[in-house]
Amino acid sequence: MSFRFFLIPTFLLVGIATVAIGAPVAETIESIKAIEIPQMGSGNLTLNRRFINGLPGIPECTDPYFSNLISSSCLTSRTIQAICAGPDPWNTETFDTACPDNTSCMVFRTDDLDIPTSSDFSLCVKDENVVKFNREHGNGVICRSLAINLNSEQGTVSISVYDSNQNPLLVNNIEVHTKNQDRSMSDTSFYSIIINRVRRRRMRVCLRILYKVAVFALFTALEGTYSSKG
């Protein structure tokens, strides 16, 4: 079994202004600085979150009979929902965990290319470590530019989108643009990708929205990647 350290970032707001003759243009870029949270104990670091200390909120299987954490997601922006299996892996139950105050639920993917998104996992991340970009009422495209500094060879990015009632909001498209890659997912509320380290990873995240609704989008990243395989 391999073990990986993982980090949760803090965000430093950096304002950058570019001025052309007669036409000032300002762009605000959130710069991400990763902070290491030590890995403790042993176990499957992706799906068995009980072995990691220092997190404000983790998915939990609270029934001893259904003790195998299969996956987790965000039921709301403040609630993690864990899918837990018993001795028969086809026999599952769901268990909800409330996120602490001043945290938000974020969904992350694993690095297992041969496993579907059911292996995604969710964490409650401190709001101070989350970039937010909102639109009260309107359709169209909203974008945010970010700069991500990674110490590891790879990092795991998460975009989670909610409505005004803190429920996951289905948007037409979530797009992630970098210098060398353009990635997207359609008809989703959550999108997570793995990125490679560069000196200062520039990224632009865009949401395409078809309906005039309030949108509350959250962005964060973890140092490293995670496997659901023991």
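Readers should treat all values here as calculations from the given coordinates under stated rules, not as data from a laboratory. All values reported here derive from a predicted model rather than from experimental measurement. Here Cβ is always computed from backbone atoms with ideal geometry, including for glycine, and neighbour counts include all displayed protein chains.
At-a-glance table
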{"item": "Burial ordering of Met203, Met106, Met185, fewest other beta-carbon atoms within 10 Å first", "result": "Met185, Met203, Met106"}
{"item": "Amide H contacts of Ile58 (H built 1.01 Å from N, under 5 Å, at least 5 apart or other chain)", "result": "Cys124"}
{"item": "Computed lengthening from Asn173 to Asn68, 0.36 nm per intervening residue step minus Cα-Cα distance", "result": "34.5 nm"}
{"item": "Per-peptide average of other Cβ atoms within 10 Å, ordering 218-224, 62-68, 86-92, 160-166 highest first", "result": "218-224, 160-166, 62-68, 86-92"}
{"item": "R0 of 22 Å, Cβ-Cβ distance Asn180-Arg208: FRET efficiency to nearest 0.05", "result": "0.50"}
